[in-house]
Amino acid sequence: MEPALPPDLRATLDEYRRLLDASFGARLVSMRLFGSRARGDADVDSDADVSVVVEGLTEAERDVAIELAYEAWRQNGRVGPLVSPLVWSEAERDARRRGERRIALDIDREGLAL
């Protein structure tokens, strides 16, 4: 069962998705909430961990995607938890999956598609 997200977090995540779509279009492969917010065991000080996968991601684009998380929070009135993005290219994500890196496996197992 998916945990209920607080309205302020939902609004920030929706805005972040909108900004990512506007910046990357069809190259945005996935956006998944993971960690304590996805598991439902977050406390009041927990941030919102979000995995973002973009096809053919460059380092400059990674910086943009990270900055957009703050922009989404700012546009939502600076309320609720901060979004802490983990931004990968498809190749980076796939390499971590093949290497059985725990973070990639946790995102696949517990992550909620946004």
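Since every read-out is calculated from the coordinates, none of them should be taken as a lab result. Please read all numbers here as calculations on a predicted model, not as lab measurements.
Side notes on the structure shown:
- Karplus 3J(HN,Hα) series, Hz, for segment 31-47 with 6.51 cos²θ - 1.76 cosθ + 1.60 (x for Gly, Pro): 9, 9, 7, 9, x, 4, 5, 6, 6, x, 10, 6, 10, 4, 8, 6, 7
- Tail beyond 22 Å, pair distance distribution of the chain (Cα, percent): 29 percent
- Taking amide H positions as modeled 1.01 Å from N, with prolines and chain starts lacking one, the residues under 5 Å from residue 86 and 5 or more places away or on another chain are 50, 51, 52.
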